[in-house]
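Colleague: Sharing a structure here in structure tokens format.
The values are calculated or read from the model by the stated rules, or taken from the named source; none is laboratory data. The shown structure was predicted, so the numbers you read here are calculated from the model rather than taken from an experiment. Note that we place each Cβ from the backbone using ideal geometry, even for glycine, and neighbour counts take in every protein chain shown.
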Amino acid sequence: MKPSRQTAAWQTAIPAALALAAGGCVYDRSILAPASDSAGLLAALGWPVFVGFTVVTAVMWGLLAWVAWRRTGTLAEHAPADSGGGRWWVLLGGFLVPVATFAVIFVAALQTMAAVPMPMTERPPDVRVIGHQWWWEIEYLYGELPEHFASANELHIPVGRPVEIELQSVDVIHSLWVPRLGGKTDLVPGQTGRMRLMADRAGEYPGACSELCGAQHANMKIVVVAHEPDEFERWLAHERSPGAEPETAAEERGRELFEHRACVACHTVRGSTALATVGPDLTHVGRRRRIGTSLPNQTATLHAWIVNAPSLKPGVRMPALPEFRGDELHDLVAYLEHLQ
Ligand code: CUA
């Protein structure tokens, strides 16, 4: 089997049709719609398995229907079991066929594992991803040390270039999985792991933690944003810059609140006096797609999140902050939204 890196039209059309049937939001998380070389290898194995097992399932249901349809006699006149009959069926369908099928899949899986490009551990990583209950800290290590910076929950990468990622965890085992870009890799506390990600096309590729890690495992989402290389350089330059200076009176008051109240105990906004690293770096939080990893980044959600984050994400480490209300809450959110 020589899987191709190029995605055939049908490989895009079929998962898209399945996704439509399933509610329209599955395609961008489908391993059968690969957008990278290693995901293409996994899909090349996944498709025959998917089609094969669909056929097997159809045959099994067909046989069951046939048995039900040709049923003879009644319970009262049921004949004694014929102990000699059907032994070939059992041997063939229950043993020989499954053993042969799984042997073929096993060998194909070994070939696929050997073909997937491995991380280049002799090279320093481009990015460090650190798992937290329940969010992703992401450090961009491009350039010299003063150019490194941290962000959260969005992993921006250049198209067509393999990105070397170092993996760590500060608490429990997490697992980073972006289905359209490749397989999963665990983030193990006390160990440093590596993985390699590459995207063939610009776009957004949703992913998630795929190792049960506590109450909000299901809300530990990540999105990989693949940019064309020059756009990626612009993104890097912008993200390296300190947080925007307030422009309106409300934003000014919002920064005062941020720097002198609860926020400063956990968060960083580069360029301000807030330098704590317990929670996500908020230097450019206004540009993020989501907050709390899965909620839309909108004024109303920011208000609700600040006042009572645990009501939106039970178990979250950020406490409820009901002391923020009225004008103060408005000004604080105005400042956060200004951090573009
Ligand atoms: Cu982190 Cu599941």
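Colleague: Here's a check for you: in region 263-278, which residue that is small (Gly, Ala, Ser), part of a loop (DSSP other than H, G, I, E, B) and out of contact with any His (no Cβ under 8 Å at 6 or more places or on another chain) is nearest to Asn308 (Cα to Cα)?
Modeller: Taking region 263-278 and keeping what is small (Gly, Ala, Ser), we get 265, 271-272, 274, 276.
The next check asks that each one be part of a loop (DSSP other than H, G, I, E, B); those that pass are 271-272, 274, 276.
This time we only want the ones that are out of contact with any His (no Cβ under 8 Å at 6 or more places or on another chain), so: 271-272.
Values: Gly271: 27, Ser272: 24 Å.
Among residues in region 263-278 that are small (Gly, Ala, Ser), part of a loop (DSSP other than H, G, I, E, B) and out of contact with any His (no Cβ under 8 Å at 6 or more places or on another chain), the one nearest to Asn308 (Cα to Cα) is Ser272.
Colleague: If the requirement is being at pLDDT 95 or above and crowded, with 17+ Cβ neighbours inside 10 Å, which of these qualifies: Val170, Val129? Please lay out each step first, then the result.
Modeller: Numbers: Val170 fails: crowded, with 17+ Cβ neighbours inside 10 Å.
Exactly one residue qualifies, and that residue is Val129.
Colleague: Let me ask something else. From the set of residues in region 212-230 that are within 16 Å of the ligand (Cβ to nearest atom) and free of Cβ contacts under 8 Å to residues at least 60 places away in the same chain, which is nearest to Lys313 (Cα to Cα)?
Modeller: Within region 212-230, the match that is nearest to Lys313 (Cα to Cα) is Ala218.
Colleague: Looking only at region 134-182, count every residue that is farther than 23 Å from Arg289 by Cα, within 16 Å of the ligand (Cβ to nearest atom) and among the small types (Gly, Ala, Ser) and tell me the total.
Modeller: Count: 1.
Colleague: Going through Glu233, Glu239 one at a time, which residue ends up being more than 16 Å from the ligand (Cβ to nearest atom), loosely packed, with under 14 Cβ neighbours inside 10 Å, within 22 Å of Ala150 (Cβ to Cβ) and modelled with pLDDT of 95 or more? So that I can check it myself, show each step before the final result.
Modeller: Values: Glu239 fails: loosely packed, with under 14 Cβ neighbours inside 10 Å.
None of the other options fit; the residue is Glu233.
Colleague: Let me ask another. Looking for something surrounded by 18 or more Cβ atoms within 10 Å (Cβ to Cβ), of a type in the set (D, E, K, R) and within 20 Å of Ala152 (Cβ to Cβ) - is there at least one such residue anywhere in region 308-317? Write out each step before concluding.
Modeller: First, the residues of region 308-317 that are surrounded by 18 or more Cβ atoms within 10 Å (Cβ to Cβ): 309, 313, 316.
The next check asks that each one be of a type in the set (D, E, K, R); those that pass are 313.
Still in the list and also within 20 Å of Ala152 (Cβ to Cβ): 313.
Looking for residues that are surrounded by 18 or more Cβ atoms within 10 Å (Cβ to Cβ), of a type in the set (D, E, K, R) and within 20 Å of Ala152 (Cβ to Cβ), one finds at least one in region 308-317, hence yes.
Colleague: Still on this structure: I'm trying to understand the selection: among the residues of region 187-201, which are farther than 18 Å from Pro158 by Cβ and outside any loop (DSSP other than H, G, I, E, B)? Outline the logic, then answer.
Modeller: Of the residues in region 187-201, the ones farther than 18 Å from Pro158 by Cβ are 187-194.
The answer is Leu187, Gly193, Arg194.
Colleague: Hey, can you tell me all the residues within region 174-201 that are hydrophobic (A, V, I, L, M, F, W, C) and over 18 Å from Val223 (Cβ atoms)?
Modeller: Narrowing region 174-201 to residues hydrophobic (A, V, I, L, M, F, W, C): 176-178, 181, 187-188, 195, 197-199.
Residue satisfying the conditions is Val188 alone.
Colleague: Could you run through region 89-122 and say how many residues are within 30 Å of Arg194 (Cβ to Cβ), surrounded by fewer than 12 Cβ atoms within 10 Å (Cβ to Cβ) and at pLDDT 90 or above?
Modeller: Number satisfying all stated conditions: 4.
Colleague: Sticking with this one: Consider Cys209 carefully, then state whether it is surrounded by 21 or more Cβ atoms within 10 Å (Cβ to Cβ) and either within 16 Å of the ligand (Cβ to nearest atom) or acidic (Asp, Glu) (or both). Don't jump to the end; show me each part of the working.
Modeller: Details: surrounded by 21 or more Cβ atoms within 10 Å (Cβ to Cβ): yes; either within 16 Å of the ligand (Cβ to nearest atom) or acidic (Asp, Glu) (or both): yes.
Taking the combined requirement at face value, the residue satisfies it.
Colleague: Could you tell me whether region 73-85 includes any residue that is more than 30 Å from Ser241 (Cβ to Cβ), in contact with a helix residue (DSSP H, G or I) (Cβ under 9 Å, 6 or more places away or on another chain) and loosely packed, with under 14 Cβ neighbours inside 10 Å?
Modeller: Going residue by residue through region 73-85, those that are more than 30 Å from Ser241 (Cβ to Cβ) are 73-85.
Now restrict to residues that are in contact with a helix residue (DSSP H, G or I) (Cβ under 9 Å, 6 or more places away or on another chain): none.
No, there is no match, as no residue in region 73-85 is more than 30 Å from Ser241 (Cβ to Cβ), in contact with a helix residue (DSSP H, G or I) (Cβ under 9 Å, 6 or more places away or on another chain) and loosely packed, with under 14 Cβ neighbours inside 10 Å.
Colleague: Applying the selection to region 239-264, what residues are more than 23 Å from Tyr140 (Cα to Cα) and under 29 Å from the mean Cα position of the chain (by Cα)?
Modeller: Cys263
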